[in-house]
Amino acid sequence: MKKVLLVALVALAVCSCAKTNPLLGEWTDPYGIAPYDKIELKHYLPAIEAAIAEQNAEIEAIVNNAEEATYENTIVARNNTGKKLANIQQAWSLRTANYMNDANKEVNDKIQELTRAHNEELNNNEAYKERVTYVYEHRNDEGLYDENTVRAIERAYNALNAQPGQGGQGGQYGGGQQNQNSKMTPEQQEEYNRLGTLLSAAQRKFSSNVTAETANWTMLIDKEEDLAGLSEVFIEDAAERAKKAGSPGKWLIGLDNPSAIPFLTFADNRDLRIKVMDAYLNRGNNDNEYNNVDTLVNIAKYKLERAKLQGYKSYADQRLTTRMAGNAKTVYDLLDKTWAPTVATSAKEAALIAERAAKDGITEVLPADYRYYMEKVRSEMYDVTAEDFAPYFPFESVREGLFYVANKLFGLQFRVIPYATPNDQTSGVECLDADGTPLGIVFFDVFARPGLKGNGASCGTVRRGDASTGQVQFIRINANFPQPVGKIPCLMTYDDVETLFHEFGHALASLMGKGGLGDFSELPSQLNEHWAEVPEVIKYMAKHYVTGEAIPDELVQKYLDYNSFGAGFASSERVAAMYMDIDLYSQTSFPADFDLLKFEADDLSSRGLISQIPPRYRFPYFNHIVGGYDVGYYTYLWAEVFDCDAFEAFVETGDVFNKEVADRYRHEFLEKAGELRGMDLYVNFRGHEPSIEPMLKYKGIK
């Protein structure tokens, strides 16, 4: 009776709040999108608090159930709790993922602490653990559960014993990370939780600092001659930035990628390139409140100390326990096999770049010169420039290319939805299966907003689908492509197009699969990139933003050839960052005088990285290894071995849109994720394990 009364009282309180808080009221649009046109910032925190209380009451009802614990009244019942909280969290996530101003940040810090403490309490609920353990111990009792239910019980049991507070990729079976929490003493568990609180705060600080450092540094140009080499579109964007910053008639350059990277690639003024490159490489490493050096060292220490409490020598050992790689040696073997041909290829490119720079009197090529002269070399090599391609790749046309590929492969259909979104630059797109069944909504928010969003690109599941209720998935795709300027739309570079195909590959895996891909989580995204280089797709999506005409045939091959140069550079900067990740987290101690930047410099020089090629991320702004990709940045390369081999399955048929292969990929790999080991899933789709050769061929480093 008490549990019924408790749930009723909480429900009554929530209903009362719903009269004034739209987050707690009924969401009336057919997809369950939050009523963003009615929600104010002040509504979120009270709604989270009310929803947490509601889930606590639901959990209490489960653990106080006098009936014998079963899969249905324990695990299924637990999975059905917290739905209001999940919906409010997804609404908040969509609002703040690309708009983290000071007001949102203040509320976000409070929400993160509330939900972290709430999740920790749920994970440590001994009464619930006892019920799940009972169900687990009786899972094989004769006639009690079928095979699928047994697997679900095992996943629930493993997830319950997963490391609390650690996000990121799941293990081989998608069940989370095993640990030894049950072997900890109460004192060790208390210390583990204390470190978790410190870690969570440090992670938020690190990410916030990177965003601030990227936004705060700007360079104002007041001489038109200093713009030589830059495109008309870039110059207009820089003028608009300066105007917004209160300096009309001038041009403003920032450190966000849509501003910094084109400037480093095309600006003729070497002194200004050096200035921008120096600022770009030293984000988070300045003498100010946003310095991330000590913050990252503390993060690494907290993770190591938590791993040691669980009986591991290093954090890398702990993180790799349930991943396909299994141990650090396997990761290093993969990196080393790729690094040797990468260094050889980049050395050949560097020689051509040095030769071209010498024609301009440059005797020492600096990092600020590398992209600039790489551009010169390939432009002269193929008699074409980036400006020749740019008008053919407006964002809207490229997005249609995504839909074209997904339709040809899987029969999926797409349409833009007319409902409220978190901001006026976010568009929602409904995805329907071939038979018209709704699969989910993909929210695209892809334009740069320095200081308000991160500087990279990502795709995430904001709300999971629920077949029992008809609830469809919500997926967000975030990026930092150039803002439209006046009548000129966002014109995408080759890298931008590849990035959009990559993130949409993640979305397709979520829409058609189950998640739980672990080390294979990057396979669907990187596989999807291959279609961005298929001439038929290029012809379909590359439409001139003024005339609407398709890209000429002669430009299609030049587009592919032009963008193939620089494979050594791309592989060098990325694999170097992968070494940095696993090297840092393989440390078994961090002495008081540990020098993070010296560690980075020694690490890269000892491996022979060309000095003009910085790693893709330096430690003070390496967001990936602070959050869910720690000891996991290597998985991009791991997945490339598989995605290149997987694309070969299509190529071998003579039809890159082969429906039989596409169906096998969907049904044998995506839909069965979490049920089998990743390698077993892949072999069931492909018929054999992959080799590294296709990856070296496709990446141009063989």
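Could you list, in sequence order, all residues of the range 278-289 that are open to solvent by 20 Å² or more (accessible area, probe 1.4 Å) and either assigned to a loop (DSSP other than H, G, I, E, B) or closer than 16 Å to Asp226 by Cβ (or both)?
The answer is Asn282, Asn285, Asn286, Asp287, Asn288, Glu289.
Quick grid of which residues meet (1) more than 29 Å from Asp256 (Cβ to Cβ); (2) in a helix (DSSP H, G or I):
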site: Phe389; (1), (2): no, yes
site: Leu409; (1), (2): yes, yes
site: Pro418; (1), (2): yes, no
site: Asp424; (1), (2): no, no
site: Gly428; (1), (2): no, no
site: Leu439; (1), (2): yes, no
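Got a sec? Which of Asp603, Asp581, Asp595 is surrounded by fewer than 16 Cβ atoms within 10 Å (Cβ to Cβ) and either closer than 19 Å to Tyr302 by Cα or in contact with an Asp or Glu (Cβ under 7 Å, 6 or more places away or on another chain) (or both)?
Step by step, each of Asp603, Asp581, Asp595 is checked, and only Asp595 is surrounded by fewer than 16 Cβ atoms within 10 Å (Cβ to Cβ) and either closer than 19 Å to Tyr302 by Cα or in contact with an Asp or Glu (Cβ under 7 Å, 6 or more places away or on another chain) (or both).
Anything in the range 302-323 that is touching a Ser or Thr at 6+ places or on another chain (Cβ under 6 Å) and part of a helix (DSSP H, G or I)? List them, or say none.
Result: Ala316, single match.
Only one of Ile75, Ile48, Ile52, Ile33 is crowded, with 17+ Cβ neighbours inside 10 Å and either under 30 Å from Gly143 (Cβ atoms) or free of Cβ contacts under 8 Å to residues at least 60 places away in the same chain (or both); which?
After ruling out the rest, the residue left standing is Ile75.
How about the range 177-207: which of its residues are at pLDDT below 50 and open to solvent by less than 30 Å² (accessible area, probe 1.4 Å)?
Those that are at pLDDT below 50 and open to solvent by less than 30 Å² (accessible area, probe 1.4 Å): Gln177, Asn179.
Considering the range 354-386 alone, what residues qualify as being part of a helix (DSSP H, G or I), touching a residue at least 60 places away in the same chain (Cβ under 8 Å) and more than 18 Å from Val276 (Cα to Cα)?
Val377, Arg378, Ser379, Met381, Tyr382, Ala386
Name the residue that is nearest to Ile62 (Cα to Cα), counting only residues in the range 128-149 that are of a type in the set (Asp, Glu) and over 34 Å from the mean Cα position of the chain (by Cα).
Glu130
Among Leu296, Leu272, which is the only one that is at pLDDT 95 or above, in a helix (DSSP H, G or I) and either of a type in the set (Asp, Glu) or touching a Phe, Trp or Tyr at 6+ places or on another chain (Cβ under 7 Å) (or both)?
Leu296
Tell me which residues, restricted to the range 675-702, are surrounded by 19 or more Cβ atoms within 10 Å (Cβ to Cβ) and charged (D, E, K, R).
Arg686, Lys699 - these are the residues of the range 675-702 that are surrounded by 19 or more Cβ atoms within 10 Å (Cβ to Cβ) and charged (D, E, K, R).
Looking only at the range 470-498, which residues are open to solvent by 40 Å² or more (accessible area, probe 1.4 Å), touching a Gly at 6+ places or on another chain (Cβ under 9 Å) and not in a strand (DSSP E or B)?
none
What tally of residues in the range 540-549 results from selecting those that are surrounded by 17 or more Cβ atoms within 10 Å (Cβ to Cβ) and more than 25 Å from the chain's Cα centre (by Cα)?
4
Which one of these does Ile62 not meet: (1) within 30 Å of Leu144 (Cα to Cα); (2) part of a helix (DSSP H, G or I); (3) at pLDDT below 95?
(3)
If a residue has to be farther than 20 Å from Thr493 by Cβ and without any contact (Cβ under 8 Å) to a residue 12 or more places away in the chain to count, how many in the range 232-243 make the cut?
Qualifying residue count for the region: 1.
Those residues that are part of a helix (DSSP H, G or I) and open to solvent by 70 Å² or more (accessible area, probe 1.4 Å), I need them from the range 209-230; list them, please.
Asn216, Glu224, Glu225 - these are the residues of the range 209-230 that are part of a helix (DSSP H, G or I) and open to solvent by 70 Å² or more (accessible area, probe 1.4 Å).
Any residue in the range 91-101 that is surrounded by fewer than 18 Cβ atoms within 10 Å (Cβ to Cβ) and among the charged types (D, E, K, R)?
For the range 91-101, residues surrounded by fewer than 18 Cβ atoms within 10 Å (Cβ to Cβ) and among the charged types (D, E, K, R): absent.
Could you say whether any residue in the range 223-235 is in contact with a Leu (Cβ under 7 Å, 6 or more places away or on another chain) and under 30 Å from Asp595 (Cα atoms)?
no
Within the range 248-255, does at least one residue satisfy the condition of being open to solvent by less than 20 Å² (accessible area, probe 1.4 Å), touching a Pro at 6+ places or on another chain (Cβ under 6 Å) and closer than 19 Å to Asn480 by Cβ?
Yes: the range 248-255 contains one or more residues that are open to solvent by less than 20 Å² (accessible area, probe 1.4 Å), touching a Pro at 6+ places or on another chain (Cβ under 6 Å) and closer than 19 Å to Asn480 by Cβ.
I'm checking my understanding of the structure. Among residues of the range 633-691 that are without any contact (Cβ under 8 Å) to a residue 24 or more places away in the chain, out of contact with any helix residue (DSSP H, G or I) (no Cβ under 7 Å at 6 or more places or on another chain) and of a type in the set (A, V, I, L, M, F, W, C), which one is farthest from Ser510 (Cα to Cα)?
Checked the range 633-691; the qualifying residue farthest from Ser510 (Cα to Cα) is Val651.
Could you say whether any residue in the range 413-424 is under 30 Å from Val485 (Cα atoms), among the hydroxyl-bearing types (Ser, Thr, Tyr), in contact (Cβ under 8 Å) with a residue 40 or more places away in the chain and open to solvent by 60 Å² or more (accessible area, probe 1.4 Å)?
yes
List, please: which pairs have Cβ atoms under 9 Å, are six or more places apart or on different chains, and start with a residue in the range 244-255 that is in contact (Cβ under 8 Å) with a residue 24 or more places away in the chain and among the hydrophobic types (A, V, I, L, M, F, W, C) and end with one that is open to solvent by 40 Å² or more (accessible area, probe 1.4 Å) and part of a loop (DSSP other than H, G, I, E, B)?
Trp251/Asp222; Leu252/Ala245; Leu255/Trp217
Considering Ser586, Ser611, which residue is surrounded by fewer than 21 Cβ atoms within 10 Å (Cβ to Cβ) and at pLDDT below 95?
Ser611
Test each condition in (1) touching a strand residue (DSSP E or B) at 6+ places or on another chain (Cβ under 8 Å); (2) assigned to a helix (DSSP H, G or I); (3) open to solvent by 10 Å² or more (accessible area, probe 1.4 Å) for Phe263 and report the one that comes out false.
Condition (3) is where Phe263 drops out.
Could you tell me whether any residue of the range 227-245 is within 30 Å of Asn298 (Cβ to Cβ), in contact with a strand residue (DSSP E or B) (Cβ under 8 Å, 6 or more places away or on another chain) and modelled with pLDDT of 95 or more?
For the range 227-245, residues within 30 Å of Asn298 (Cβ to Cβ), in contact with a strand residue (DSSP E or B) (Cβ under 8 Å, 6 or more places away or on another chain) and modelled with pLDDT of 95 or more: absent.
Filter the range 506-530 down to the residues that are open to solvent by less than 20 Å² (accessible area, probe 1.4 Å) and on the phi > 0 side of the Ramachandran plot and list them by number.
Gly518
The values are calculated or read from the model by the stated rules, or taken from the named source; none is laboratory data. Since this is a predicted model, take the numbers as computed values, not measurements. Glycine gets a Cβ as well: all are built from the backbone with ideal geometry, and neighbour counts include every protein chain shown. Protein only, heavy atoms only, side chains kept; ligands, DNA and RNA dropped before computing areas. Shrake-Rupley method; radii C 1.70, N 1.55, O 1.52, S 1.80 Å.
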